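Asker: Attaching a single structure in structure tokens format; questions to follow.
The values are calculated or read from the model by the stated rules, or taken from the named source; none is laboratory data. Just so you know, these numbers come straight off a predicted model, no measurement behind them. For neighbour counting, all protein chains shown are included, and Cβ atoms are generated from backbone atoms with ideal geometry for every residue, glycine included. The area values use the complete protein model at the heavy-atom level, side chains included, leaving out ligands, DNA and RNA. Shrake-Rupley method; radii C 1.70, N 1.55, O 1.52, S 1.80 Å.
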Amino acid sequence: MVDEDFKINSTNSLNELSELRFDIEELDQDFGLNCRLRFGTMIYQHNDREYEVGVSRAFLRLNLEGCETTLDATFGESELKVVEELQTSETETDIGVSGYGGVDGSGGLDGSAAVYGKAGAKTKRTRAQSRTLLPVVAKPNDSWEVRPHTVVGKTNNSIEGTAIPSARLCVLRRKRGGNRMSVIAEVQVSKSAIKVAASHGNKMGKTLSEWRSKDVIVSQILKRAIQREAAMANATKSSAVVAISRCEIEEE
């Protein structure tokens, strides 16, 4: 059951790029933190040209006050895999016959043959390892990395789709002596993770247009994003990491 003693406020400044929603559920003396996180791409107009903007990598980070995460299962756990090694031996044997013939003293044929063999052993080692590439992976210190994968590994394609489908992210427990619980969740992206692609034109024209306009477009996008609190102390410089979605949960 959703706990109504908490006030939840979500801010999605770039609502086409990301949507972050939370609710909190009472579990006896603990609290289940449920999350829905979606990503998409947005169309941006610049100098009478259309660009598609997306993010290729993002982090969901929690800032907790008055509570802490428990050792219960966390969304996106990626356990280290055991590598299985199988060792087999193979034996190879080559058998051949050699001979020659001649005339003996009585005028008959004198023949002889020799049989030879060669044996060798080969050892084969086979290693088997299965690996699951998760789009959302739990990281240390109450954070999660979101990154798309392909069958050949990581990709720089933009994230599109639901990363966390209204699922239990983690379980929270009130700290001893703590007063009110507070959770601040942010979807953070770096400047380098923002992808800009021209929508129309030939390949050379799009590449040139992207090269000329990317920095300007990224700067304009970042102005609309929520600056990280940690970067606010240095407001004279543009932050390399910004929050594009934010959710605040406070106990009333």
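Asker: Considering (1) open to solvent by 60 Å² or more (accessible area, probe 1.4 Å); (2) more than 13 Å from I244 (Cα to Cα), say which one D23 fails and leave the rest.
Answerer: With respect to (1) open to solvent by 60 Å² or more (accessible area, probe 1.4 Å); (2) more than 13 Å from I244 (Cα to Cα), D23 is out only on (1).
Asker: What are the residues in segment 1-32 that are free of Cβ contacts under 8 Å to residues at least 24 places away in the same chain, assigned to a loop (DSSP other than H, G, I, E, B) and under 18 Å from I164 (Cα atoms), if any?
Answerer: Answer for segment 1-32, where residues must be free of Cβ contacts under 8 Å to residues at least 24 places away in the same chain, assigned to a loop (DSSP other than H, G, I, E, B) and under 18 Å from I164 (Cα atoms): just N15.
Asker: Quick one: count up the residues across segment 60-92 that are at pLDDT 80 or above, part of a loop (DSSP other than H, G, I, E, B) and either among the β-branched types (V, I, T) or open to solvent by 100 Å² or more (accessible area, probe 1.4 Å) (or both).
Answerer: 6
Asker: Now, a different point. Could you check S192 against (1) polar (S, T, N, Q); (2) part of a helix (DSSP H, G or I); (3) surrounded by 13 or more Cβ atoms within 10 Å (Cβ to Cβ); (4) at pLDDT 80 or above and say which number it fails?
Answerer: (3)
Asker: A further question follows. Could you pull out the residue among R57, R36 that is at pLDDT 85 or above, in contact with a helix residue (DSSP H, G or I) (Cβ under 8 Å, 6 or more places away or on another chain) and open to solvent by 50 Å² or more (accessible area, probe 1.4 Å)?
Answerer: One residue alone meets the criteria, R57.
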